[in-house]
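Here the structure comes first, spelled out in structure tokens, and everything after it is commentary.
The values are calculated or read from the model by the stated rules, or taken from the named source; none is laboratory data. All of these numbers come straight from a predicted model, not from anything done at the bench. Note that we place each Cβ from the backbone using ideal geometry, even for glycine, and neighbour counts take in every protein chain shown.
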């Protein structure tokens, strides 16, 4: 939201929380921005199943790195997996899923040709909660050295992904199916193990965000500014929902 506001001057988006309360989407309405994306960047209106990366981005390696970073942030995952059951989860994996096959192919080609990564690509039928089934293209990177190349050349901007990486660097693994509040609680020292946790103290959030910014360069906002946005979003959603939202930070 701060990025959209800074780039386009748009504020007050429509917010939607999915029924399981695991993610929030923000939607904006602006004719000027829609025309810019369509007429200048060349993005098609409507569904984007066959979309390609705009030429101004494709022709600039630095922009392609930023594009790949933010694509992972919004449509991908960073996880750590084990080689066998009951083994430690120390093997990193990046995965991006999209319906847009051409776009996935272009990103995969860039990673292979420009950065020398080993990248796999496949198609798969994916079931979406409440949305039916669709065919998706999946880009995957599983080699530890390639993940390190991604970190050095492209970087990570999603705080959830960064928290996984920080846990891995701390204890040598990051188990799956942990939530971000559990990881932040562990990283802040509130919990001594990676276990289901209560919301963390505001000062602890500020401290962890400061470490993220120092070691990964993201998030762009400082911890105190993130706290202000959390308060603002929670206040907005509280007027539209009849049940309490999961809490990240103690009130």
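When we screen 147, 138, 162 for residues that are assigned to a strand (DSSP E or B) and under 19 Å from the mean Cα position of the chain (by Cα), the only hit is 138.
Exactly one residue out of 97, 65 is surrounded by 15 or more Cβ atoms within 10 Å (Cβ to Cβ), part of a strand (DSSP E or B) and touching a helix residue (DSSP H, G or I) at 6+ places or on another chain (Cβ under 7 Å): that is 97.
Is it the case that residue 219 is surrounded by 17 or more Cβ atoms within 10 Å (Cβ to Cβ) and closer than 23 Å to residue 79 by Cα?
Working: surrounded by 17 or more Cβ atoms within 10 Å (Cβ to Cβ): yes; closer than 23 Å to residue 79 by Cα: yes.
Judged against the criteria, residue 219 is a match.
Checking the stretch 173-181 against the condition returns a match, with at least one residue being under 26 Å from residue 81 (Cβ atoms), part of a helix (DSSP H, G or I), at pLDDT below 95 and under 17 Å from the mean Cα position of the chain (by Cα). Being closer than 26 Å to residue 180 by Cβ and out of contact with any strand residue (DSSP E or B) (no Cβ under 6 Å at 6 or more places or on another chain) is a condition met by at least one residue of the stretch 75-84. Among residues of the stretch 18-37 that are exposed (fewer than 12 other Cβ atoms within 10 Å of the Cβ), those with a beta-carbon under 6 Å from a residue that is at pLDDT below 90 at least six positions away or on a different chain give the pairs 25/16; 27/13; 27/14.
When 169, 113 are screened for being surrounded by fewer than 12 Cβ atoms within 10 Å (Cβ to Cβ), at pLDDT 95 or above and not assigned by TED's automatic domain parsing to the domain that holds residue 77, only 169 passes. All of (1) modelled with pLDDT under 95; (2) in contact with a strand residue (DSSP E or B) (Cβ under 7 Å, 6 or more places away or on another chain); (3) closer than 30 Å to residue 112 by Cα hold for residue 220 with one exception: (2).
How many residues, within the stretch 7-22, are at pLDDT 85 or above, at negative phi and not in a strand (DSSP E or B)?
Of the stretch 7-22, the ones at pLDDT 85 or above are 7-11, 13-14.
Imposing the further condition that a residue be at negative phi reduces the set to 7-8, 10-11, 13-14.
From what is left, the residues that are not in a strand (DSSP E or B) are 7-8, 10-11, 13.
Going through the stretch 7-22 one residue at a time, the tally reaches 5.
Among the residues of the stretch 141-152, is any more than 30 Å from residue 169 (Cβ to Cβ) and surrounded by fewer than 19 Cβ atoms within 10 Å (Cβ to Cβ)?
Keep residues of the stretch 141-152 that are more than 30 Å from residue 169 (Cβ to Cβ), which gives none.
No, the stretch 141-152 has no match at all.
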